Amino acid sequence: MDEILKNIEKDFNNQASIKQKRPDIYQLYLPIFHEDGDMIDLFIVPKEKDKYTLCDFGLTLQRLSYSYDIDTENKEAIFQKILLENNLYEQKGNICLDTTIENVFSNIMHITHALAKIGSMRYFKREVIESLFIEMLDEFINQELQEFHPESKVLPIPDRDDLEADYQFSPNGHPVYLFGVKDVSKARLATISCLEFQKANLNFRGWVVNDDFEKLPKKDRSRLTNTCDKQFTSLDEFKMNAKIFLEREKK
């Protein structure tokens with residue numbers, strides 16, 4: 001350990017200090033900070049010959065939990081995406097990055113940047129979190145609903161490319177058109193589309209899965225409810241009940 005610790009002190013021009021917390025666990029006190037001025041917690045431990053692990057022993061998530069909970073699938077997906085994009089891994093909340101003597105400085109800068117980003121998750125704009133809604137819906141459909149022959153981006157009325165359904169299922173003789181609704185504009189498009197399909201005398205079922213039904217204005221909720229055949233108020237509800245309702249369409 002002595003060699004890599006000396007390298008760290010040298011790389012930071014002696015502006016870093018290192019303290020042994022327990023046998024083979026050293027805390028790095030670095031001039032690298034969270035956005036509120038608190039120093040980023042970072043430790044280094046030996047892993048195997050000539051290899052080491054930089055980690056935070058869960059302190060980043062603990063710190064974040066004081067003001068922000070990763071308590072939804074979307075938030076968890078954002079967190080996992082940050083880990084994946086930065087080649088980090090997590091062990092029961094402990095965020096880690098393996099390193100060597102040669103790469104320790106660049107890896108310290110890399111992991112601390114990622115930890116600062118995770119620590120600032122509470123400031124992420126809601127639309128960033130919402131952007132994963134369609135991605136997660138698509139993933140679920142392609143992994144769990146293949147038996148119902150899903151097709152994406154279908155045009156029930158061929159010459160109306162402005163009335164695209166996000167997905168089509170074919171459990172029986174008539175199609176089920178599904179719209180993923182994450183905002184007001186998509187709610188209105190789903191409403192208009194279902195009305196136009198009805199005017200065209202299509203034999204179909206119109207389904208909607210909402211990102212968050214309650215956030216839609218009252219009038220849009222009413223229009224959507226009065227127009228579509230089945231509405232799921234959240235992605236979680238769709239995941240729990242989609243197969244049940246698709247099976248019922250077979251009868």
Original post:
If we only count strands (runs of 3 or more DSSP E) wholly inside region 1-108, which ones have 1 or more residues that are under 30 Å from Lys239 (Cα atoms)?
Top reply: 89-91, 94-99
**OP:** Enumerate the pairs (first residue in region 33-58 and free of Cβ contacts under 8 Å to residues at least 12 places away in the same chain; second residue anywhere and open to solvent by 80 Å² or more (accessible area, probe 1.4 Å)) with beta-carbon separation below 9 Å, excluding pairs fewer than 6 apart on the same chain, so at least 6 apart or on different chains.
**Re:** Met39/Phe33
Original post:
Arg223 versus (1) surrounded by 14 or more Cβ atoms within 10 Å (Cβ to Cβ); (2) within 22 Å of Asp138 (Cα to Cα): which is the lone unmet condition?
Top reply: (2)
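Name every residue in region 33-63 that is open to solvent by 30 Å² or more (accessible area, probe 1.4 Å) and among the hydrophobic types (A, V, I, L, M, F, W, C), in order of residue number. Let's see the steps before the verdict.
Let us first name the residues in region 33-63 that are open to solvent by 30 Å² or more (accessible area, probe 1.4 Å), namely 33, 35-39, 41, 46-51, 57, 59, 61-63.
Phe33, Met39, Phe57, Leu59, Leu61 - these are the residues of region 33-63 that are open to solvent by 30 Å² or more (accessible area, probe 1.4 Å) and among the hydrophobic types (A, V, I, L, M, F, W, C).
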Original post:
Counting only residues that are among the hydrophobic types (A, V, I, L, M, F, W, C) and more than 27 Å from Asp2 (Cα to Cα), which one in region 94-124 is surrounded by the most Cβ atoms within 10 Å (Cβ to Cβ)?
Top reply: Ile118
Original post:
Asp24 is checked against (1) of a type in the set (D, E, K, R); (2) at positive phi; (3) in contact (Cβ under 8 Å) with a residue 60 or more places away in the chain and fails just one. What number does that condition carry?
Top reply: (3)
Subject >> Enumeration of residues in region 139-182 that are open to solvent by 20 Å² or more (accessible area, probe 1.4 Å), in a helix (DSSP H, G or I) and in contact (Cβ under 8 Å) with a residue 40 or more places away in the chain >> reply: Phe140, Glu144
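The values are calculated or read from the model by the stated rules, or taken from the named source; none is laboratory data. This one's a predicted model, so the numbers in the text were calculated from it and none came from an experiment. With ideal geometry, Cβ positions are generated from the backbone for all residues, glycine too; neighbour counts draw on all protein chains shown. These accessible areas exclude ligands, DNA and RNA; they are computed on the full protein's heavy atoms, side chains included. Shrake-Rupley method; radii C 1.70, N 1.55, O 1.52, S 1.80 Å.
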